Amino acid sequence: MYRGRGSGGYRGGRGGYQRSNGAGADGMEIEGGVRNNGAGNGGRITGPGEQLNQLANQAVQQNSVPVEVRGWQGGSKDDLVSFISRKTRIPLLNAVIEGDAIKGFVKTNRDAEDLKKWSGVRFAGNALKIELPSSGQQGSAMVLLKGFLHRRYNANAKLLDLTNISSDADLQQNGAFSSLSVQSKMFPALMKLASMENFDVESVNLSENNLDDISGITTLAQTFPNLKNLALTNNKISKLRSFEIWKNKFKNLRELIIAGNPVTTDPQYKPTIAKVFPRLVILDGIMIRDEGKLQLIYQLPILKKQFFFEDSEIQTLSTQFVSNFLQFWDSDRTQLLQLYSPQSQFSISVDSSVPNDSNASQISFGYYIPISRNLSRVSSERTRQQRLGTGPESILKLFQNIPKTKHSLTSNPELYSMEAWRFPQVNGFIISLHGEFEEVGHPATDANQHSNSSSSGRGGRRGAMTNSSTNRLTKKSFDREFVVVPANGSLIIASDLLIIRPWSNHQSFVETTITPPPTGEQQPIPPQSQGSIPGSSQAQIPPSSSQQQAPSVLPTSQQQAQQIGSIPQELSHLSPTQQEFVMKVIQDTKLNLQFSLLLSEQSSWNYEIAINGFKESHQQGQIPPEAFM
Amino acid sequence: MSEQFTEFYYNQFDSDRSQLEQSMLTFETSQVQGAKDIVEKLVSLPFQKVGHRITTLDAQPASPNGDVLVLVTGELLVDEEQNPQRYSQVFHLIPDGSSYYVYNDIFRLNYGA
């Protein structure tokens, strides 16, 4: 845990969080708290908070009460707005045309009432009809809440200040927040409206709303998933567990203020909150995480590649195999049985621990759990054997126990990640495939009804508890490993391991670093020479034929010569040591920049390997002339 | 066997990575070959304290020669960070006398937080 400077005084300075003036005063806390590390400040909020407060108050003043004007069609909207302003001295703000009416806002209820009295005034040949779309009319609650939201939204600060909602004069007057039960229904409605208004919001202040629970405001996470700052100051939240519902929801929440709630005295308060909000840096004005370190952790300085194939032959074989396989997997799994021999094995494991990224509130694994072989959960040897399909017949049974699916590998390859490696001992290859699928139909057979009597141990009982009627079909993610072996001119799947998990987005497949050479190809890995197997540490130099180099991006030898001594831009993603390494390879081998870089990377930055690999390939005539400067 | 292996592997990784000796490693598809380079790679990974928590483990024989394919999903806990990174990892184990060595080790982060 990291404590911010000046944090010791925070508790004592909590008075800084007391509201001192009207609605919106607490808007300052969010920003103020962040900057609350000045020496001796003791947590009291000044400076930027004050400005924010003023902005918030301005927002409160604006756009408050909605009015509708009809019969204006003799002139333009702008004509009408300036006419009203001139004639009545009441400015009509944010006017828009909706149907036959012009809708706008005036500052106060009083202005609205005054304006209404002008109804009947002649404008461009017609009598204007001015109405207040409030109580009694359909959708009046919507208009009321909309007006409220606009009053409380500060676009400059990206702040939605929902402090003490029930104190809002306009809402009070209309009885919107007369009771707690109404309030609990009102918040989801407010959130829905806020989504529709497309507010750009980074901070939300929900202080002083008598909240004794999170349950009434959970929809905040759906409306503002990228919220950075949240204040819940001076409510009555007492149960730490109630925050669990927001677990994995606000992935960008940086600052949270819960001070002034009973829950803060719970001994588990800090660790629990830190766990629920993984990127939270500041809690109640105290630094709980090192932000720099947090960034490092979330951006592992590791190359991420979506696709990797050991060589081009494997690439062709495995991509064809996988796209054909998934096509039949989705349409008719019985067609796949010819790929499995009597010794072939297939098993499924469920990993339900991964956070669910999808909007589906409930995600069900009921169909999979009775056949999940997860060896870290299933300890009975007999169950383990039962859940391992061996041979086409028993494999088909498992296939038919899981829902019908739809993959989109061909149409949306970006949602998938794949790599393939040679398995020379059996002359085959191993494919790792990661991605997602949609469940589109219930399984042909349901393991919950068939296998309970036969299965034993923990897993069997667990299966029995699952009611198949609750097995909703949802989008899910998977990991799959195939061991594929050629046999008699076709392919056999020797091993097939499948992991099913809640749907997660494909962010982890998005490549983080561009790897040279920049050919526009997704797999810049050169084909290996015949007979070379993984495990030998020979660095390969790509032959020219299969390498789709774009000549235009290759530096000319003249440019190359100039670049020696200074660091070329192409190397800017490398560490200084690595840059030096490449420059030395260029000098010693006279290879051009791109091939030197390739050689360096393939040698895993081992100079001896790089140079020996170069010499060997050069002797074998494997290095094309254009690889040299 | 696969349970023993993963327990051993992760214990070693989490306590002292430099003691892991194996022949091929893929970490987010950056390929590393040879025991020495692999250990170097593991030691150079940017964490001081690492913890692994396995959520699923499955294993199948991968060839008649006694090769084993182990597929693990789990949580990688980096330094003091409580929020785990989700990963999947495949070990291709090859029998070597009475024990096994890791022929291929393919690691992938699974969950874009």
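The values are calculated or read from the model by the stated rules, or taken from the named source; none is laboratory data. As the structure is a prediction and not an experimental result, all values here were calculated from the model. Positions of Cβ are backbone-derived with ideal geometry, glycine not excepted, and every protein chain shown enters the neighbour counts. Heavy atoms of the whole protein, side chains included, go into the accessibility calculation; ligands, DNA and RNA do not. Shrake-Rupley method; radii C 1.70, N 1.55, O 1.52, S 1.80 Å.
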*Can you spot a residue in the stretch A:315-323 that is within 14 Å of another protein chain (Cβ to nearest Cβ) and either of a type outside the set (Lys, Arg) or open to solvent by less than 20 Å² (accessible area, probe 1.4 Å) (or both)?*
yes
_Go through the stretch A:400-426 and report how many residues are more than 22 Å from the chain's Cα centre (by Cα), within 14 Å of another protein chain (Cβ to nearest Cβ) and in a strand (DSSP E or B)._
5
*So which residues in the stretch B:86-107 are within 8 Å of chain A (Cβ to nearest Cβ) and modelled with pLDDT under 85, if there are any at all?*
B:ARG86, B:ILE94, B:TYR103, B:ASN104, B:ILE106
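Can we say A:GLY613 is surrounded by 15 or more Cβ atoms within 10 Å (Cβ to Cβ) and under 21 Å from A:ASP311 (Cβ atoms)?
yes
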*Are any of the residues in the stretch A:222-229 open to solvent by less than 50 Å² (accessible area, probe 1.4 Å) and more than 20 Å from the chain's Cα centre (by Cα)?*
no
_All positions within the stretch A:427-476 that are modelled with pLDDT under 85 and within 14 Å of chain B (Cβ to nearest Cβ)_ = A:GLY459
*Residue under evaluation A:SER323, criteria (1) touching a strand residue (DSSP E or B) at 6+ places or on another chain (Cβ under 9 Å); (2) part of a helix (DSSP H, G or I); (3) among the small types (Gly, Ala, Ser), criterion not met*: (1)
*Could you identify the single residue in A:ARG382, A:ARG377 that is open to solvent by 20 Å² or more (accessible area, probe 1.4 Å) and within 14 Å of chain B (Cβ to nearest Cβ)?*
A:ARG377
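Got a sec? Which of A:PHE346, A:PHE308 is in contact with a strand residue (DSSP E or B) (Cβ under 7 Å, 6 or more places away or on another chain) and either open to solvent by 30 Å² or more (accessible area, probe 1.4 Å) or at pLDDT below 90 (or both)?
Testing whether each residue is in contact with a strand residue (DSSP E or B) (Cβ under 7 Å, 6 or more places away or on another chain) and either open to solvent by 30 Å² or more (accessible area, probe 1.4 Å) or at pLDDT below 90 (or both) leaves just A:PHE308.
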*Could you run through the stretch A:246-273 and say how many residues are over 15 Å from A:ASP284 (Cα atoms) and open to solvent by less than 50 Å² (accessible area, probe 1.4 Å)?*
4
*First in the stretch A:419-448 and assigned by TED's automatic domain parsing to the domain that holds A:PHE365 and over 16 Å from B:LEU93 (Cα atoms), second anywhere and among the aromatic types (Phe, Trp, Tyr) and open to solvent by 30 Å² or more (accessible area, probe 1.4 Å), Cβ under 7 Å, 6 or more apart*: A:GLU436/A:TRP503
